[in-house]
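Student: Encoded as structure tokens, here's the structure I'll be asking about.
The values are calculated or read from the model by the stated rules, or taken from the named source; none is laboratory data. This structure is a prediction, so every number in the text was calculated from the model and none was measured. As a convention, Cβ positions derive from the backbone with ideal geometry for all residues, glycine included, and neighbour counts pool all protein chains shown. Surface accessibility is based on the protein's heavy atoms, side chains included, excluding ligands, DNA and RNA. Shrake-Rupley method; radii C 1.70, N 1.55, O 1.52, S 1.80 Å.
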Amino acid sequence: MKRVFVGTAAASLLTLALAPAASAYPVGPWGVEGPCQGLQPNQCPWSPSDDGLTWSYKGHSSNYDKQGNFVCGTGGAPLDNLYCDPIMLAVRALPSLPIGKWLHPGS
């Protein structure tokens, strides 16, 4: 039994060591692709936040829920942050819910 476990562990480590590095999106713990869906990181000018929920480019930000649905954007109008920032606080605090679909049904 011990040999089977050691052999399986060694095979798993070897597979991981030889596998090509993943360089495509998704980003963060929820795997959000944001506006870069289907692109390699060197093909997308948007920069994701550490958690992958906010993507920024040239002073504009697009925010997504933990399921990858668009929630809100900032940088277009001065009042954007008044509603977007509190919504994103809730998105980050709540479990994975389709908040973007609730806010933008049919999209």
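Student: Counting just the residues of the stretch 67-80 that are within 16 Å of S96 (Cα to Cα), in contact with a strand residue (DSSP E or B) (Cβ under 7 Å, 6 or more places away or on another chain) and not aromatic (F, W, Y), which one comes out modelled with the highest pLDDT?
Tutor: Per the criteria, the residue is V71.
Student: Counting only residues that are over 17 Å from L53 (Cα atoms), open to solvent by less than 80 Å² (accessible area, probe 1.4 Å) and either outside any loop (DSSP other than H, G, I, E, B) or touching a residue at least 40 places away in the same chain (Cβ under 8 Å) (or both), how many does the stretch 67-107 have?
Tutor: Final tally of qualifying residues: 0.
Student: Hey, another quick one. Looking only at residues that are open to solvent by 30 Å² or more (accessible area, probe 1.4 Å) and within 10 Å of the chain's Cα centre (by Cα) in the stretch 38-66, which one is nearest to A93 (Cα to Cα)?
Tutor: D51
Student: With the requirement that a residue be under 17 Å from G28 (Cα atoms) and not small (G, A, S), what does the stretch 84-97 give you?
Tutor: Across the stretch 84-97, the qualifying residues are M88, L89, V91, R92, L94, P95, L97.
Student: Still on this structure, please answer the following. Please go through the stretch 81-107 and pick out each residue that is touching a helix residue (DSSP H, G or I) at 6+ places or on another chain (Cβ under 8 Å) and under 18 Å from S61 (Cα atoms).
Tutor: I87, A90, V91, I99, L103
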